[in-house]
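The values are calculated or read from the model by the stated rules, or taken from the named source; none is laboratory data. Everything numeric in this text was worked out from a predicted model, so none of it was measured. Virtual Cβ from ideal backbone geometry, glycine too; neighbours counted across all protein chains shown.
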Amino acid sequence: MNDTLCKFAWSGATSTIINTFRPCCRFPLDENNQYPTTEQVINQGESAFNNSFLTKLRKDMLQGIPRNECKKCYVEEQSNMKSMRQKANELLLAKASDIMFENLEFLEISLDNLCNLECRMCSSRFSTKLQARDKHLQKNRIVGYSDNTVNYKTLELMDSLDLSHLRMIKLLGGEPLISPNLLKFLDKVPNPHAVNLLIITNATTIPSSKILDKLKEFKSVKFDFSIDGIYSYNDYQRVGSKFETIISNALELAKLLPEEHSIHSVYSSLNLLGLEASTKWFSENLPFRTTVDIVKNNILSPFIAPNWYVDAILNSISDKNPHRSFVQNMFDQYHNFDENQWYEFMKFVKITDEMYKTDINTVNPIIGEALVKYYTNPQD
Ligand code: SF4
Ligand code: SF4
């Protein structure tokens, strides 16, 4: 098997918030309308996954041609991490011998966008709770924000696919554990005993015993707890989340459904200076593996930051930290200072601090100082 081939392209489907399907979550939203739409999948079933974009992708992978969309997997592999591509190739049974879709083995899907948090790096596309904030940011002319409403057709879709080959479902929200659609969705899976379920959760909720009983029918249930650092690093970025509570809930869920659960931390310009202390604390205090990711596609991304801030970030992570080379490689690959976007970020911090009555200085005095300078002399 060559270094670019990934079985997600033959047996995976990942829904997007704009009602299309991509091979995995690392593919961007569909700016060029190249992915099959939810409507096409509902009408045509799996054959919708044989459109020209996806057959070309498989052809490139078979020929060993690197794809721009897959860069992050290549960075992980260069950083001696097991990439998502390598994990997919271990899990899935697809033969990947020609350009046609095989069987649906992996499904990544959102139930809806009902959520109980207002995470700063998120948007109202994913969380109903963020509608007021996004409306406010739009009113203040912060580029890229508007009050979104989203229409998911997840349950309808489940009825139009052949789910009998499923090996893994990755379930997202909103917050899946509070969704009224959770049980209805789980009931549609024909062979739960053959399916590994991965649930991305903000750990704010312990589900009812009815849901827990249903979950126990699955081959395995793993939680990926979204916790963006320790204490205020998490609580500042994930508005409405309380670090002590979610850690206690995560441990309780791990007791109710024993498995190899994990913590997934998303780092933005707000909390990346907390990576060193947070990853150390997690490894010393919790029985979970930790993975990290860095915001890439909005103004909270550190990849648009000026060099002095990037230096401060990289200097804050010790050479011994297991995530150090990943962070360095990501900056090498994606960093590109964008002055206009950086100033939009400054405005975002000020407006959201006023809105939530928070203070960036409590979590990131370096950004706090930059903010004072910017508002004293915006041209500096
Ligand atoms: S190589 Fe990586 S980015 Fe590309 S389809 Fe596979 S998992 Fe997704
Ligand atoms: S918990 Fe997830 S969906 Fe909800 S606001 Fe946070 S990032 Fe968005």
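Pull up region 35-71, narrow it to residues that are out of contact with any Pro (no Cβ under 8 Å at 6 or more places or on another chain) and assigned to a loop (DSSP other than H, G, I, E, B), then point me to the one that is surrounded by the most Cβ atoms within 10 Å (Cβ to Cβ). Looking at the filtered set, the residue picked out is TYR35. Would you mind stating whether PRO176 is surrounded by fewer than 18 Cβ atoms within 10 Å (Cβ to Cβ), modelled with pLDDT of 95 or more and at negative phi? Judged against the criteria, PRO176 is not a match. Among the residues of region 82-116, those identified as within 16 Å of ligand 2 (Cβ to nearest atom) and either buried (at least 20 other Cβ atoms within 10 Å of the Cβ) or without any contact (Cβ under 8 Å) to a residue 60 or more places away in the chain (or both) are GLU108, SER110, LEU111, ASP112, ASN113, CYS115.
Specify the residue that is modelled with the lowest pLDDT; the eligible residues are those in region 81-120 that are in a loop (DSSP other than H, G, I, E, B), touching a Phe, Trp or Tyr at 6+ places or on another chain (Cβ under 9 Å) and within 30 Å of ASP319 (Cβ to Cβ). Top of the filtered list is MET81. A count restricted to region 121-145 and to residues that are in a helix (DSSP H, G or I) and hydroxyl-bearing (Ser, Thr, Tyr) stands at 1. Checking THR20, THR16 one by one, the residue that is free of Cβ contacts under 8 Å to residues at least 60 places away in the same chain and within 16 Å of ligand 2 (Cβ to nearest atom) is THR16 and no other.
For PHE218, the test of being under 26 Å from MET84 (Cβ atoms) and touching an Asp or Glu at 6+ places or on another chain (Cβ under 9 Å) is failed.
Results for (1) more than 16 Å from ASN103 (Cα to Cα); (2) modelled with pLDDT of 95 or more, shown as yes or no for each residue.
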| site | (1), (2) |
| --- | --- |
| TRP10 | no, yes |
| SER15 | yes, no |
| THR20 | yes, no |
| ARG26 | yes, no |
| GLN34 | yes, no |
| ASN50 | no, yes |
| THR55 | no, yes |
| ASP60 | yes, yes |
| ILE65 | yes, yes |
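At least 2 residues being in contact with an Asp or Glu (Cβ under 9 Å, 6 or more places away or on another chain) and within 27 Å of GLU244 (Cβ to Cβ) is the threshold, and among the helices (runs of 4 or more DSSP H) wholly inside region 274-380 those reaching it are 339-356. Contact annotation: residue pairs with Cβ atoms under 9 Å, 6 or more positions apart or on different chains, pairing a residue in region 179-195 that is under 14 Å from ASP162 (Cβ atoms) with a partner that is of a type outside the set (A, V, I, L, M, F, W, C) and at pLDDT below 95, are LYS188/ASP159. Among the residues of region 146-168, some residue qualifies, meaning at least one is buried (at least 19 other Cβ atoms within 10 Å of the Cβ), within 16 Å of ligand 1 (Cβ to nearest atom) and at pLDDT 95 or above.
Filtering region 131-145 to residues that are farther than 30 Å from GLN40 by Cα and modelled with pLDDT of 90 or more leaves ALA132, ARG133, ASP134, LYS135, HIS136, LEU137, GLN138, LYS139, ASN140, ARG141, ILE142.
Being farther than 22 Å from SER15 by Cβ and basic (Lys, Arg) holds for only one residue in LYS135, LYS214, LYS184, and it is LYS135. The set of residues in region 248-273 that are hydroxyl-bearing (Ser, Thr, Tyr) and not in a loop (DSSP other than H, G, I, E, B) comprises SER248, SER262, SER265, TYR267. Within region 242-261, is there a residue that is crowded, with 20+ Cβ neighbours inside 10 Å and either charged (D, E, K, R) or without any contact (Cβ under 8 Å) to a residue 24 or more places away in the chain (or both)? For region 242-261, residues crowded, with 20+ Cβ neighbours inside 10 Å and either charged (D, E, K, R) or without any contact (Cβ under 8 Å) to a residue 24 or more places away in the chain (or both): absent. Kindly indicate whether CYS70 is closer than 27 Å to MET330 by Cα and within 21 Å of the chain's Cα centre (by Cα). Against the criterion (closer than 27 Å to MET330 by Cα and within 21 Å of the chain's Cα centre (by Cα)), CYS70 qualifies.
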